[in-house]
1. Under the Karplus relation 6.51 cos²θ - 1.76 cosθ + 1.60, θ = phi - 60°, what is the ordered set of whole-Hz ³J(HN,Hα) values for the range 8-22, x standing for Gly and Pro?
2. Report the gain in length on full extension from Lys10 to Asp30: 0.36 nm times residue separation, minus Cα-Cα distance, nm rounded to one decimal.
3. Please report the relative contact order for the chain, taking Cα pairs under 8 Å with a sequence separation of at least 6, and give it as a percent rounded to a whole number.
4. Can you run phi through the Karplus equation (6.51, -1.76, 1.60; θ = phi - 60°) for the range 38-45 and list ³J(HN,Hα) in whole Hz, with x for Gly and Pro?
5. With θ set to phi - 60°, apply the Karplus curve 6.51 cos²θ - 1.76 cosθ + 1.60 along the range 58-65 and write out the HN-Hα couplings as whole Hz, x wherever there is a Gly or Pro.
6. Kirkwood hydrodynamic radius (Cα pairs, Å) of the chain?
Amino acid sequence: MYAIIEQGGKQYKVADGDTLYIELTEVAPDAETIELDKILFVSDGEKVKIGTPYLEGAKVIASFKTT
């Protein structure tokens, strides 16, 4: 399964286990994950969902570290 997300005015293809370097918005100092909710497209290899422009209720949960 993979998704196309929008973050910081850019689009990224993401899948489970990917490492992605993005410009991050502010998060709580003790946060371990971030919820990305601007999902444009999702595919599980057989079915496809396309947003107009975003998929309602869809989200990607990502763990992160700052550099």
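1. Once θ is set to phi - 60°, the couplings for the range 8-22 become x, x, 10, 10, 9, 8, 10, 9, 4, x, 5, 10, 10, 9, 10 Hz.
2. Between Lys10 and Asp30, full extension yields an extra 4.6 nm.
3. Once divided by the residue count of the chain, the mean separation gives 32 percent.
4. Coupling constants for the range 38-45: 8, 9, 8, 7, 9, 9, 9, x Hz.
5. Each residue's phi maps through the Karplus curve to give 8, 7, 10, 9, 10, 8, 8, 9 Hz.
6. Taking the inverse mean of 1/r over all distinct Cα pairs, the chain comes out at 12.7 Å.
The numbers here are math on the coordinates, done by the rules we state, and not lab data. From a predicted model like this one, the values you see are computed outputs, not experimental measurements.
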